[in-house]
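For reference, the structure is listed below as structure tokens.
The values are calculated or read from the model by the stated rules, or taken from the named source; none is laboratory data. All values derive from a computational prediction rather than experimental measurement. Cβ sites come from the backbone with ideal geometry, for glycine too, and all protein chains shown count toward neighbours. All accessible areas refer to the heavy atoms of the entire protein, side chains included, with ligands and DNA or RNA removed. Shrake-Rupley method; radii C 1.70, N 1.55, O 1.52, S 1.80 Å.
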Amino acid sequence: MAHKSIFILPSGFGLFWLLLVVLLFLFGTNYQNNLVIGLSILLLSIFNTCIIYSYRNLAGMTLQAKAGPNVYAGQSVIYPIVLSATQVQHKVTLNYPANPIQTIDHLDDQKQTALLPFANTQRGLVNPGRIRVESRYPLGLCRAWSNVDLDNSQIVFAKPKPSENRLTQHHTHSAEESQRHGKTIIGVEEFKSLKPYVTGESLNQIAWKQLAQGRGMLTKEFEQPLSAPQWLVFDPINHDIEQQLSELTWMVDQLSQQERVFGVILPSKTIAPSAGAAHRVACLKAIAIYPEHLGDSHDG
């Protein structure tokens with residue numbers, strides 16, 4: 001944090017302190033009392049010293065934004081901020097405007113992480129704005145602060161709403177077949193994951209590369225689709241966009257929990273069928289920022 005970005009003003013207590021200095025000085029000069037005049041000068045020098053310490057308590061601080069956990073609209077967004085300082089600093093507070101304050105009691109060259117909450121009700125790309133970094137150390141006479149923009153926008157998922165209406169299948173023949181859509185079984189077509197080796201398993205399934213890396217005996221699991229993948233489709237005729245996006249979000253979570261293979265079709269973007277945590281996040285992000293990705297090429 002550079003000195004040009006640090007601002008200092010007297011706090012309420014500091015203004016009272018200065019008023020006391022003036023009154024003591026006037027009292028001392030009016031009654032020619034050198035002891036009172038000396039006291040007023042001492043209090044003024046303490047105030048000036050606090051200005052310097054207030055500045056030093058913020059100067060040289062480094063702030064770095066990290067990616068926070070994924071959240072849904074209506075939940076507080078948590079922004080991890082990594083802090084360090086070139087000199088020891090005390091009682092530093094951080095917060096986004098109109099949000100709870102986090103206090104760092106002691107800060108030095110060892111990195112610390114502060115988790116700053118940001119209340120949010122909207123889906124999409126959320127920018128919390130500038131962080132207010134403030135200190136009143138050591139006596140609370142001066143208030144030093146700086147507003148830091150870390151440009152740490154984050155995508156917030158749409159608020160999920162339970163519904164089965166957004167589930168559209170390309171080939172629906174019977175209720176039994178409908179239940180199989182998107183499911184997978186153990187097979188040989190697609191790599192699924194690694195698992196600990198069990199005595200008696202085929203040597204062809206052993207992950208030799210991971211064994212050479214010292215990760216132990218692991219075997220590869222493969223799977224193959226049991227039927228056609230599931231598709232979640234946005235209906236452009238339905239004008240209740242937010243309701244649709246919330247239902248799509250809920251369905252993505254449901255199918256991901258069931259480890260099904262599914263894809264998402266939005267008016268301007270298609271995400272090819274797949275499964276897994278990374279696929280879930282990609283689908284939820286595409287739904288969250290709709291329609292901001294207009295013009296993107298189709299992935300599927």
Using r as the Cβ-Cβ distance of Ala228 and Ser163, and R0 as 25 Å, what FRET efficiency do you calculate, to the nearest 0.05?
-> 0.70
Let me know the shape class of segment 1-98, please: from the alpha-carbon gyration tensor, a ≥ b ≥ c as square roots of the eigenvalues, rounded when a/c is under 1.5, otherwise prolate if a/b is greater than b/c, or oblate.
-> prolate
How much length, in nm to one decimal, is gained on full extension between Ala119 and Ala67, taken as 0.36 nm per residue of separation minus their Cα-Cα distance?
-> 17.1 nm
Segment 213-281: GluC sites (Glu not before Pro) in DSSP loop, at most 14 other beta carbons within 10 Å | Glu259
Sulfur and carbon atoms: percent of accessible area, the chain [1.4 Å] = 57
Taking the Cα centre of segment 1-124 as the origin, how large is its charge dipole in debye, to the nearest 20, when only Lys and Arg (+1) and Asp and Glu (-1) carry charge on their Cβ atoms?
-> 280
If you add up the charges near Cys142, with Lys and Arg at +1 and Asp and Glu at -1, over every other residue whose beta carbon is less than 14 angstrom from its beta carbon, what do you get?
-> +3
Length released on extending from Ser76 to Thr103, taking residue separation times 0.36 nm less the Cα-Cα span | 7.9 nm
Residues of the chain: accessible area per residue with a 1.4 Å probe, Å² | 56
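Expressed as cubic angstrom per residue, what is the convex hull volume of the alpha carbon set of the chain?
With only Cα atoms used, the chain gives 201 Å³ per residue.
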Just how much of Thr86 is accessible, in Å², when a 1.4 Å probe is used and the result is rounded to the nearest 10?
-> 120
Fully extended, how many nm does the chain gain between Ile237 and Trp208 (0.36 nm per residue separation, minus their Cα-Cα distance)?
-> 5.2 nm
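Which pairs in the list Lys4/Lys91; Lys4/Lys285; Lys161/Lys195; Lys4/Lys111; Lys66/Lys91; Lys195/Lys269 are over 30 Å apart, alpha-carbon to alpha-carbon?
Values: Lys4/Lys91 21 Å; Lys4/Lys285 38 Å; Lys161/Lys195 35 Å; Lys4/Lys111 24 Å; Lys66/Lys91 22 Å; Lys195/Lys269 35 Å.
Too far apart for the 30 Å limit: Lys4/Lys285; Lys161/Lys195; Lys195/Lys269.
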Whole-Hz Karplus couplings 3J(HN,Hα) for segment 73-90, θ = phi - 60° and coefficients 6.51, -1.76, 1.60, Gly and Pro as x, run 4, x, 9, 5, 7, 9, 10, x, 10, 8, 10, 7, 8, 6, 9, 5, 10, 10
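Looking at segment 71-162, which trypsin sites (Lys or Arg not before Pro) are in a loop (DSSP not H, G, I, E or B) and have at most 14 other Cβ atoms within 10 Å?
For trypsin sites (Lys or Arg not before Pro) across segment 71-162 that sit outside H, G, I, E and B with at most 14 neighbouring Cβ atoms in 10 Å, the list reads Lys111, Arg130.
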Once Lys and Arg are counted +1 and Asp and Glu -1 for all other residues with Cβ under 12 Å from that of Gln64, the total becomes +1
